[in-house]
Amino acid sequence: MPENSSIDDSSEETGENGRWDPLRTAGRWSFHLKAHLLVLVIVVIAEAIGTLEYSVGPGAVVIIPMLYAVVFGMLLSYRALGAYITQLQQVAPKEVSVISSPMIIVCLMPLGVKYGTLVAPSFWEIVGAGPAFLLQELGNLGTIFIALPIALLLGLKREAIGAAVSIAREPTLGIITDLYGPDSPEGIGVLGTYLTGTLLGTLFFGLLGGLAPLTGIHPLALSMACGIGSASMMTACSASLAQVVTAVPEEQVLSFAATSNLLTGLTGVYVVLFVAVPLINKLYAIMSPIIGGEQ
Amino acid sequence: MERTAFTLNALKMLIIVGIIILVGNQVGYGVNILAALPGMAIILAIGLVSLILAQEIPLKLPAFAYAIFIATLLALPFSPTQDIFLQFTDRINFLATATPILAYAGLSISLQMDRLKQVGWKLVLVAVFVFFGTFFGSAIVAHIVLSLQGII
């Protein structure tokens, strides 16, 4: 089964060594040169364009350089434009994508350090808002109440459980795959949400971060909501939000988002395992006869 | 990958990332590469330690968490290191550190395209509602609790 091996690649427990293998440079320096030069060019172009902002009432569509970078990267990689332009395959062969995958983790280190420098000075504000930080983790369960009925309306069966249980970053993917198996309907469902997040999550949350203040929810609460368990989605969300809001200083938006993201990372596994999975199974049992037409 | 090889490879890759960020930081935010260099050296050192800790400590915490944790300790209001640490790292713009991540992420996405086609459009649509639900679920709870606490 091809799916099996690829799920294992992305899960936490397996391939601790295999995951880093593409970073070996011995005998592969030409691929490395291509990968890193390509990223350098993408970064220079994205930063040269800079942040663009289009106002939409009190909110704004904010396009920060990282959003161009992900789109340029997606377009250049071997399955997109490369599939049609053979010359491009010389510049960005499959090996470039393979090297890029573990490079994401290496690249996260400077971002993590910058987040530390943002979180620490807000230390006392964060301690003060502690109860809100802890309880909003339960707000992540909102996905079950919104996405499960829609999944059932679309005619999905047990796939709906995997798809709607959480935003499905790596820990959830691991839990659902463990509980139900990678080829189960639940496993396919969780894979759908995981992959959609990987492909579109950054763009989605980047745009949402700029528009969310239109709802009237306080910017601090929105900052916390940006911490959804993925470093890149959280960064896109909070950076866009910080551009738009004036009531809360930029540093505080970024630090609240980063803190919430860390908490999601720490508590997420337990919330999914002990709250979300039992809850969605219960709701599925109640709702599927009504909406899904299951007997 | 054994320990020395891992450390060496991680260091090489961190230096590459550091150079890319420094160039982006100059192009996008007008910070001189040489002026930002000492701060980048500190950041890369913390990054290397974090990658190694994630490998060695059997807690299954991502290296990213160690990087945030170490930098937080160094930058806390009551840390003697706060002033000097922030003074150097402030020269590297926050957004400049995020752009290369997404460039690599974009390039790597092709690896997963086949599987996405396999799962179908309905699951993609459901995922979008999952995104909305997660975000606004958290935002509404946080808004209520912050109001009750009198913070907002």
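General observations
- Whole-percent carbon and sulfur share, accessible surface of chain A, 1.4 Å: 67 percent
- Histogrammed with a bin width of 5 Å, the alpha carbon distances of segment A:172-281 distribute as 2, 13, 19, 19, 17, 14, 9, 5, 2, 0 percent, first bin at zero.
- Label positions at A:VAL56 and B:LEU8, each projected 7 Å from the Cα along the C-beta direction, are separated by 5.1 nm.
- Global size of chain A as Cα Rg and Dmax, reported in angstrom: 20.3, 60
- Residues in segment B:128-135 carry Karplus couplings, in order, of 4, 5, 4, 4, 4, x, 4, 5 Hz; the curve used is 6.51 cos²θ - 1.76 cosθ + 1.60 with θ = phi - 60°, and Gly or Pro positions show x.
- At least 50 Å² accessible surface lost relative to isolated chain, residues of segment A:28-57 (1.4 Å probe): A:HIS36, A:VAL39, A:LEU40, A:VAL43, A:GLU47
- Nonlocal amide H pairs with A:ALA60, under 5 Å, H built at 1.01 Å: A:LEU211
- Solvent-accessible area per residue for the protein assembly as shown (1.4 angstrom probe, square angstrom): 40 Å²
- Extension reserve of the A:ILE286-A:ARG79 stretch, reckoned as 0.36 nm per residue once the Cα distance is removed: 70.3 nm
- Taken along its three principal axes, the alpha carbon spread of segment A:85-124 comes to 55, 16, 9 Å, from the longest extent down to the shortest.
- Cα→Cβ-extended label distance, 7 Å offset, between B:ALA45 and B:SER147, nm: 4.8 nm
- Residues A:ARG19, A:ARG169, ordered by accessible area of protein heavy atoms at a 1.4 angstrom probe radius and largest first, appear as A:ARG19, A:ARG169.
- Of the solvent-accessible surface of segment B:90-152, computed with a 1.4 Å probe over protein heavy atoms with every protein chain present, carbon and sulfur atoms account for 66 percent.
- A:GLU125 versus A:ALA48: modelled label distance in nm, points set 7 Å from Cα along the beta carbon direction: 3.6 nm
- Buried between A and B is an accessible area of approximately 9400 Å², summed over both sides with a 1.4 Å probe.
- Phi-derived couplings, Karplus 6.51 cos²θ - 1.76 cosθ + 1.60 at θ = phi - 60°, listed residue by residue for segment A:197-209: x, 4, 7, 10, x, 5, 4, 4, 6, x, 6, 4, x Hz, with x used for Gly and Pro.
- Scanning residues 5 or more positions from A:GLY229 or on other chains, none has an amide H under 5 Å from its amide H, with H placed 1.01 Å from N in the peptide plane.
- Relative contact order (%) - chain B, alpha-carbon pairs under 8 angstrom, separation at least six: 22 percent
- Calculated FRET efficiency, A:VAL91 to B:GLN82, Cβ-Cβ distance, R0 = 41 Å: about 0.40 to the nearest 0.05.
- Centroid-to-centroid, using Cα positions, segment A:236-275 and segment A:88-128 are 15 Å apart.
- For segment A:79-91, backbone phi angles converted through the Karplus equation (6.51, -1.76, 1.60; θ = phi - 60°) give residue-by-residue couplings of 8, 8, 5, x, 5, 9, 10, 5, 4, 5, 5, 5, 6 Hz, Gly and Pro being listed as x.
The values are calculated or read from the model by the stated rules, or taken from the named source; none is laboratory data. All values reported here derive from a predicted model rather than from experimental measurement. Virtual Cβ from ideal backbone geometry, glycine too; neighbours counted across all protein chains shown. Protein only, heavy atoms only, side chains kept; ligands, DNA and RNA dropped before computing areas. Shrake-Rupley method; radii C 1.70, N 1.55, O 1.52, S 1.80 Å.
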